[in-house]
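Derivation of every value follows stated rules applied to the coordinates shown; laboratory data play no part. Quantities reported herein were computed from a predicted structural model and do not represent experimental measurements. Neighbour counts are summed over all protein chains in view; Cβ atoms, including those assigned to glycine, are modelled from backbone coordinates with ideal geometry.
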Ligand code: ADP
């Protein structure tokens with residue numbers, strides 16, 4: 001009896017043809033058929049007489065099956081051999097036992113290997129013809145070597161590669177591939193040893209449906225399946241059904257069992273004539289398979305198959321350890337990368353720099369395609385990521401749909417947001433950590449859609465095979481079917497990766513909180529390290545205040561008396577005396593101005609800042625209004641290219657800062673057309689040379705086209721009473737203005753500095769914390 005296409009024999013059909021829709025229910029354990037390279041005899045457990053025999057006994061043993069039924073094994077073997085078999089029976093279970101026999105009564109090919117097992121209330125005798133009947137010696141050196149390399153493999157994948165190589169070296173198959181099953185039961189070729197001229201299957205994926213449920217169940221029971229020639233014509237049993245149970249016997253443990261025609265078709269489509277499959281089982285679950293393929297028929301001896309099965313069991317036993325090792329290694333990698341990243345973040349003025357400017361970067365923490373930092377209006381991309389516009393949209397989506405999630409993750413963004421399909425090539429999988437304080441600031445890791453990284457070597461329309469109008473499984477179809485199940489999805493994130501992302505978020509929050517607290521403490525004059533300094537500064541401020549306040553009184557007297565002298569006694573003095581008195585008046589005036597400056601500066605130190613959200617545009621507008629006569633007088637153009645921010649600061653002090661800097665900008669300027677620009681320094685590409693964490697500080701500037709300042713004075717001009725010019729030049733001054741401005745800026749937690757060259761104008765920069 002033969003079958004073609006999808007048609008199974010009536011015995012196995014149970015009334016209907018098997019196709020892809022119902023192959024999950026195909027009763028593959030009771031096909032009632034065997035492969036023709038051997039013979040099968042089913043014996044009654046009690047009588048030890050043949051109940052069923054395969055139809056090919058006439059060809060292989062010279063005795064028709066009908067003639068064997070009802071007789072014992074004595075028909076085939078000498079009494080000593082029969083005794084040996086009889087002696088074995090009591091200890092035989094469903095696990096096969098091999099016996100090399102010479103069947104003297106079989107004329108042409110007398111040597112057989114008999115494989116005995118007990119199952120379904122039957123004693124099974126399967127015979128495989130061989131050249132001689134010696135059971136080849138257990139090849140210990142080969143086994144030793146194979147075991148050694150399996151044990152020393154450091155990763156699961158390496159062990160799989162070693163297993164593929166060992167099995168191929170032992171058996172000589174064209175190709176040995178190791179498949180691993182995903183949680184959804186789809187499979188992937190993870191290791192391979194293949195004849196050089198054949199295309200690789202490495203990385204191929206196929207859907208769970210390629211291996212029907214009941215085949216999986218069978219693979220768990222039966223560690224090894226072997227098909228010597230996929231073009232075989234199956235041999236039925238005679239009689240087809242067990243006379244007592246009235247059904248075909250359960251061939252779960254039969255080595256000759258005929259396989260599903262769908263599977264045979266699949267093998268044809270793969271171009272495979274002989275196959276051997278070894279189960280890889282971990283914790284009672286099918287982890288994967290070692291599959292061997294050959295382009296021509298191939299009879300692998302039972303002993304060799306046994307050896308391969310042993311290797312499969314060894315790999316299975318080692319799987320847990322190797323996978324634990326893999327996990328540990330990855331966990332260690334994450335931990336080490338994290339630690340180094342944290343060190344970098346900790347030592348950088350701007351923590352963002354620590355995340356991407358050095359090695360390792362954020363990208364190195366996980367197995368991922370890309371990473372991005374969206375922070376303070378900047379977007380930093382590492383590896384393969386969506387473009388900035390798409391990242392902005394992603395941030396907007398997260399703000400709307402996951403506003404409360406500090407750590408958001410998905411392996412299929414497109415399933416949550418259909419618009420996400422546009423970025424599935426880079427960002428099907430996303431971990432997003434929201435940085436504290438500002439909702440639109442995120443750090444991302446991305447994984448591409450699985451399909452983007454997958455190849456299917458047999459991706460060729462020709463592989464589609466139609467038989468009786470039915471399209472059969474083929475590599476191409478497998479790929480398409482698998483594609484449907486994984487479309488828009490990335491390799492899922494592991495719990496340890498999510499946990500690590502959470503740690504990174506916490507660490508960054510901590511770093512930022514520390515900076516924030518330091519700033520606040522500084523603003524309150526309470527910085528732990530500077531407490532002593534602040535205290536002595538306070539004392540100095542108080543001293544300056546008391547001294548200048550007390551000095552003011554007698555000085556005023558000196559000044560007034562000098563004036564009286566001038567008014568009342570000018571005519572009694574000569575010109576020289578009058579001039580000296582005039583100098584005395586001028587000097588006392590100057591001294592008064594100096595004391596006033598001192599008072600002012602001590603006041604800045606002593607008074608608490610009145611912090612409040614302040615629109616700097618408004619502050620500046622008031623200052624410009626106040627200075628407008630001066631602005632007109634000096635023919636100055638004041639420009640503010642972009643609106644200034646609203647910051648939490650003291651508006652009165654801020655207006656003094658602007659007032660001072662603007663006054664100086666007009667004062668130290670000899671141009672006919674004076675120009676002053678006030679604005680916020682652009683972030684990203686700094687035009688200023690001082691490193692500033694722009695995520696924490698706003699950088700403002702006042703720029704003029706005046707006389708400029710030599711770099712050697714860039715520090716000293718901020719010292720109190722330091723002037724670069726003689727008293728009569730540039731309208732005079734006490735030299736306290738910049739010292740006062742500096743003190744006010746620092747009181748807010750910011751910094752003040754200048755960038756300038758003589759003749760090139762000057763730009764004064766000052767920073768104000770954003771978080772205050
Ligand atoms: P004052 O203006 O009273 O002299 P300041 O403390 O405001 O005191 O300035 C200190 C010195 O810095 C000034 O004497 C001047 O030489 C220099 N300076 C300040 N602002 C400018 C500017 N915009 N351009 C050039 N030089 C400046």
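Here are a few things to note about the model shown:
- Across region 637-750, C-alpha contacts under 8 Å between residues 6 or more apart give a mean separation that, scaled by the residue count, equals a relative contact order of 28 percent.
- Residues 223, 89 arranged by fewest to most Cβ contacts within 10 Å: 89, 223
- Mean sequence separation of contacting Cα pairs (under 8 Å, at least six apart), scaled by the length of region 33-129, corresponds to a relative contact order of 29 percent.
- Zone of residue 547's modelled label, taken as backbone nitrogen in region 713-755 under 14 Å from a point 7 Å along Cα→Cβ: 720-721
- Potential lengthening between residue 367 and residue 97 on full extension [0.36 nm per residue; Cα-Cα distance subtracted]: 92.5 nm
- Simple spin-label estimate for residue 572 and residue 586 gives 2.5 nm between the two label positions (7 Å along the Cα-to-Cβ direction from each Cα).
- Listing 292, 374 from fewest to most neighbouring C-beta atoms within 10 Å gives 374, 292.
- Between residue 66 and residue 330, the simple label model (points 7 Å from Cα in the Cβ direction) yields a spacing of 6.3 nm.
- If you plug the beta carbon distance of residue 596 and residue 392 into 1/(1 + (r/R0)^6) with R0 = 51 Å, you get a FRET efficiency near 0.45.
- Taking a ≥ b ≥ c as the square roots of the eigenvalues of the Cα gyration tensor, an a/c ratio below 1.5 marks region 33-129 as rounded.
- Rounded Å value of the spacing that divides the Cα centres of region 121-200 and region 229-275: 23
- Overall form of region 145-256 per C-alpha gyration tensor (a/c, 1.5; a/b vs b/c): prolate
- Anisotropy class of region 609-769 from Cα gyration tensor, a/c 1.5 cut: rounded
- Region 275-388: relative contact order in percent, alpha carbon pairs under 8 Å with at least 6 residues between: 14
- A Förster radius of 22 Å, combined with the Cβ-Cβ distance separating residue 502 from residue 282, puts the computed FRET efficiency at roughly 0.15.
- Where labels lie 7 Å past Cα in the beta-carbon direction, separation of residue 217 and residue 78 in nm: 4.6
- Here the calculated FRET efficiency for residue 343 and residue 233, from their Cβ-Cβ distance with R0 = 60 Å, stands at 0.30, rounded to the nearest 0.05.
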